[in-house]
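The values are calculated or read from the model by the stated rules, or taken from the named source; none is laboratory data. For clarity, every value in this text was computed on a predicted model and none was experimentally measured. Quick reminder, even Gly has a Cβ in these numbers, built from the backbone with ideal geometry, and neighbours come from all protein chains shown.
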Amino acid sequence: SREWHLVARPHGWPKAEDFALREVPVSEPGEGRVLVRNLYFSVDPYMRGRMNDVKSYTPPFQLDRPMDGGAIGEVIASNAEGFAVGDHVLHGLGWREYADVPAKHATKVDGSVAPLSAYLGVLGMPGLTAYAGLFDVASFKEGDAVFVSGAAGAVGSQVGQMARIKGASRVIGSAGSDEKVKLLVEEYGFDAAFNYKSGPVAQQLKEAAPDGIDVYFDNVGGEHLEAALSSFNVHGRATICGMIAQYNNTEAAPGPRNLALVIGKRLRLQGMLVNDHNDLAPQFVKDVAGWIASGELKYNETVVEGIEHGYDAFVGLLRGENTGKMIVSLTR
Ligand code: NDP
């Protein structure tokens, strides 16, 4: 069985030499465990933070050990009650072909409800992040004008569509290519979208939201956050979900130069971690499954085939090569 190890801590952008695909033996599962053949694993932006040796909300990856993260697989041997050979499970031991998983950390998923990979994206952690971040953290209400950055990604694409479905007065998104911008407007039903690489974000946002914004869902930070502060109406609310523009920085990024606007506009900037919102999961799955079935909510996945391309998928994600959820498939 092959698995990806972190072998050096990246400085700035990750390099191929920082990772190694290694061969390891597969053993029978011990008491209370299941052996899973992984079918898909997730690469996510937060994993970049786990490659640094710093104390954070998730522990750093250890050097010369397998990396981990969300994965979907099929049980091929079970030594745990309630799990049978052939069951499909969601679990936390990705980046490898075979996973020896404690049953209490495995959740059965139903491939007849949705394609299995959806449990890593639209019906999984990124989808819940969008749902909780918009409806709970940002206190979204009908009639709000919503701006989301990283809008063609796993989280952002869901934020914009959920806002539209729930009656936003205007939904604006930004993304890094003209194709993505087209997708936002033509497929996802955004009212306006722009390519942040085509000109200053503040100016493009002003044009896209002439009456200002009430909610900003931040996946990017930096220039985007500054632009949102400028465009906010009074009592605006920002969900600070991610700051991907700075994950590979080697020096601290400057703060928003216009932060003082929070005073006069009485803004609320609220950070979030999806793990705090598991109580919303049942309602989230019910709502999203319904919206997918009715065709109101669409999603994309970028699927990279083969474990040997795990590193490529991860840096591709940081570079914006994905549309929707970036997934590595081991099904071939
Ligand atoms: P995405 O699917 O959105 O993929 C990342 C995207 O980021 C890329 O496709 C790229 O799109 C964009 N990007 C990369 N560099 C930049 C840049 N310099 N400026 C602007 N955009 C950039 O990933 P996710 O949906 O999984 O995650 C989105 C954000 O949400 C991340 O910041 C992540 O850390 C955060 N997150 C936070 C969680 C929490 O609990 N707080 C949980 C899950 C995610 P483009 O082509 O448009 O540049």
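The number of residues in the stretch 25-56 that are free of Cβ contacts under 8 Å to residues at least 60 places away in the same chain, in a loop (DSSP other than H, G, I, E, B) and surrounded by 12 or more Cβ atoms within 10 Å (Cβ to Cβ) comes to 2.
Within the stretch 183-207, residues that are at positive phi and in the same structural domain as ALA145 (by TED's automatic domain parsing) have Cβ atoms under 9 Å from residues that are part of a loop (DSSP other than H, G, I, E, B) and at pLDDT 95 or above in these pairs: GLY189/GLU296; GLY189/LYS298, counting only partners at least 6 apart in sequence or on another chain.
Those helices (runs of 4 or more DSSP H) of the stretch 185-296 in which at least 2 residues are touching a His at 6+ places or on another chain (Cβ under 9 Å), considering only elements entirely within it, cover 201-208.
Given (1) away from the ligand (no atom under 11 Å from the Cβ); (2) within 21 Å of PHE284 (Cβ to Cβ); (3) in contact with a Gly (Cβ under 8 Å, 6 or more places away or on another chain), where does LEU134 come up short, assuming only one miss? Checking LEU134 against (1) away from the ligand (no atom under 11 Å from the Cβ); (2) within 21 Å of PHE284 (Cβ to Cβ); (3) in contact with a Gly (Cβ under 8 Å, 6 or more places away or on another chain), the one that fails is (3). On the stretch given as the stretch 95-144, residues that are hydroxyl-bearing (Ser, Thr, Tyr) and more than 22 Å from THR323 (Cβ to Cβ) total 4.
With respect to PHE284, determine if the residue is surrounded by 17 or more Cβ atoms within 10 Å (Cβ to Cβ), at pLDDT 95 or above, more than 9 Å from the ligand (Cβ to nearest atom) and not assigned by TED's automatic domain parsing to the domain that holds LEU116. Walk me through how you get there before you give the answer.
Working: surrounded by 17 or more Cβ atoms within 10 Å (Cβ to Cβ): yes; at pLDDT 95 or above: yes; more than 9 Å from the ligand (Cβ to nearest atom): yes; not assigned by TED's automatic domain parsing to the domain that holds LEU116: yes.
Against the criterion (surrounded by 17 or more Cβ atoms within 10 Å (Cβ to Cβ), at pLDDT 95 or above, more than 9 Å from the ligand (Cβ to nearest atom) and not assigned by TED's automatic domain parsing to the domain that holds LEU116), PHE284 qualifies.
Filtering the stretch 297-332 to residues that are on the phi < 0 side of the Ramachandran plot and in a loop (DSSP other than H, G, I, E, B) leaves LEU297, LYS298, TYR299, ASN300, GLU321, ASN322, THR323, LEU330, THR331, ARG332.
Determine whether the stretch 160-170 contains at least one residue that is within 19 Å of the chain's Cα centre (by Cα) and more than 18 Å from PRO126 (Cα to Cα). Checked the stretch 160-170: no residue is within 19 Å of the chain's Cα centre (by Cα) and more than 18 Å from PRO126 (Cα to Cα). Consider the stretch 107-128 and keep the residues that are touching a helix residue (DSSP H, G or I) at 6+ places or on another chain (Cβ under 9 Å) and more than 22 Å from SER294 (Cβ to Cβ). The one that is farthest from the ligand (Cβ to nearest atom) is THR107.
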